[in-house]
Amino acid sequence: MRETLLVLVTDRVSTEGLAPLHDDDRFEVVTIDDSSSEEFSSTLKHASGLIVRSATTVGESMIDGAPDLKVIGRAGVGIDNIDVAAATERGIAVVNAPGGNTTAATELTMALLLTLARRVSRADLSVREGRWDRAAFRGVELKGRILGLVGAGRIGAEVAVRCLAFGMDVLVYDPYLPEERARSLGLRLVSLDEVIEQADVISLHVPLNDETRGIISDGAFRKMKKRAFVINASRGGVVDEDALVRALEAGEIAGAALDVYETEPLPPDSPLRAAPNLVLTPHLGASTEEAQIGVATEVANAMLAALIDGDLSAAVNLPSGPSYK
Ligand code: NAD
């Protein structure tokens, strides 16, 4: 019988952020960044906890190779790389860190918005190419324009706060946001069509599911203002990529920015790479020093609570089976 609980960590999760586990002598934390190694599989056999980011796929066979596993932690929000159904069946809790990267994703959204409004990335490129073309890069101001949010949870609400500070008006489509919460944030709840038709900037902050997949597609682009910008830093697939390319090429909207894609990494021959007035970043939403520490601390605390106290309040599944104490 082990005296300490073994927690195996992979995918370069921030060591600093894992302090709640490192500093607690009830745990032994082992970091093995190569999850395909023999050392990883042999350590996993004795692990009570496993912490990953997005690079490691925690599938059924990995779960089968971990007879003592009680909790899988995802240092981040998306759990697409974890077979949650298989974990649930084995009575393993899956915990994530939904709040640790809210500020990072919010600030990237603001960066994309300002880049679109002032054409920063194109202007930078032109100067590097030896030009000094001021007339070609006249931008627009955000003050007085309308932001239309699709989804105003953690990130959408923070984007709203910043856009209100820029003097924008904010409309929100979010069928699950209580009226009370919208009012306290100073936001106007409207229909999806109203957001699409009235907003100068449409920014999406929703999960990807059957309801939201392709929520912005050909029909929506046709109804948008010609001067509208569309920003997606939520999940690929929420904005239909083929429809976006068509809308940009036809001049149905003024520009767009994407941080997330239907297929990641973005295929080299994706038509998005050649589309006009489009700003592309390689899924950088959570890529700040602070967010990497933040998600690691959040998942470490969730792991500690689950393994020591049997507290599963951070679990995204409700595993049946043995107790976690
Ligand atoms: P959240 O759960 O706090 O908020 C999501 C909001 O979407 C909720 O208010 C919910 O009511 C609303 N919603 C759900 N279905 C909807 C629908 N059909 N129409 C309109 N609104 C709907 O999530 P969050 O932390 O704000 O994250 C938002 C998105 O950003 C998620 O998809 C998350 O994975 C993504 N994200 C991306 C990055 C990145 O690196 N680019 C980083 C962090 C989060």
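The values are calculated or read from the model by the stated rules, or taken from the named source; none is laboratory data. All values derive from a computational prediction rather than experimental measurement. Because the Cβ atoms are built from the backbone with ideal geometry, glycine has one as well, and the counts that use them run over all protein chains shown. Accessible surface is based on the protein model in full, side chains and every heavy atom, while ligands, DNA and RNA are left aside. Shrake-Rupley method; radii C 1.70, N 1.55, O 1.52, S 1.80 Å.
Do we have any residue at all in segment 197-212 that's of a type in the set (A, V, I, L, M) and touching a His at 6+ places or on another chain (Cβ under 8 Å)? The answer is no, given that none of the residues of segment 197-212 is of a type in the set (A, V, I, L, M) and touching a His at 6+ places or on another chain (Cβ under 8 Å). Of all residues in segment 249-274, those satisfying the criterion of being open to solvent by less than 10 Å² (accessible area, probe 1.4 Å) and either more than 26 Å from ALA315 (Cα to Cα) or among the polar types (S, T, N, Q) (or both) are ILE253, GLY255, ALA256, ALA257, LEU258, ASP259, LEU272.
The set of residues in segment 16-66 being of a type in the set (Asp, Glu) and either more than 14 Å from ALA87 (Cα to Cα) or touching a Gly at 6+ places or on another chain (Cβ under 7 Å) (or both) consists of GLU16, ASP23, ASP24, ASP25, GLU28, ASP33, ASP34, GLU38, GLU39.
Looking only at residues of segment 153-167 that are closer than 17 Å to ASP200 by Cβ and buried (at least 22 other Cβ atoms within 10 Å of the Cβ), we find that the one that is farthest from the chain's Cα centre (by Cα) is CYS163. Does ASP64 satisfy the criteria of being at pLDDT below 95 and either away from the ligand (no atom under 16 Å from the Cβ) or open to solvent by 30 Å² or more (accessible area, probe 1.4 Å) (or both)? So ASP64 fails the test. Within segment 82-95, restricting attention to residues that are open to solvent by 20 Å² or more (accessible area, probe 1.4 Å) and of a type outside the set (A, V, I, L, M), the residue that is nearest to the ligand (Cβ to nearest atom) is ASP83.
Matching residues to (1) at pLDDT 95 or above; (2) out of contact with any Pro (no Cβ under 8 Å at 6 or more places or on another chain); (3) closer than 24 Å to GLY153 by Cα:
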site: ALA233; (1), (2), (3): yes, yes, yes
site: VAL238; (1), (2), (3): yes, yes, yes
site: ASP242; (1), (2), (3): yes, no, no
site: ALA247; (1), (2), (3): yes, yes, no
site: ALA254; (1), (2), (3): yes, yes, no
site: ALA257; (1), (2), (3): yes, yes, yes
site: TYR261; (1), (2), (3): yes, yes, yes
site: PRO268; (1), (2), (3): yes, yes, no
site: PRO282; (1), (2), (3): yes, no, yes
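Scanning segment 122-152 for residues that are touching a residue at least 24 places away in the same chain (Cβ under 8 Å) and either surrounded by fewer than 17 Cβ atoms within 10 Å (Cβ to Cβ) or among the hydrophobic types (A, V, I, L, M, F, W, C) (or both) yields VAL140, GLU141, LEU142, LYS143, GLY144, ILE146, LEU147, LEU149, VAL150, ALA152. I'd like to know if segment 127-147 contains one or more residues that are within 15 Å of the ligand (Cβ to nearest atom) and at pLDDT 95 or above. The answer is yes; a qualifying residue exists. Residues in segment 290-308: is at least one under 26 Å from ASP200 (Cβ atoms) and modelled with pLDDT of 95 or more? Within segment 290-308, none of the residues are under 26 Å from ASP200 (Cβ atoms) and modelled with pLDDT of 95 or more.
Filtered by the rule that a residue be small (Gly, Ala, Ser) and touching a Lys or Arg at 6+ places or on another chain (Cβ under 6 Å), segment 100-139 gives a lone residue, GLY139.
Flag set for LEU177, criterion: open to solvent by less than 70 Å² (accessible area, probe 1.4 Å), within 15 Å of the ligand (Cβ to nearest atom) and in the same structural domain as THR115 (by TED's automatic domain parsing).
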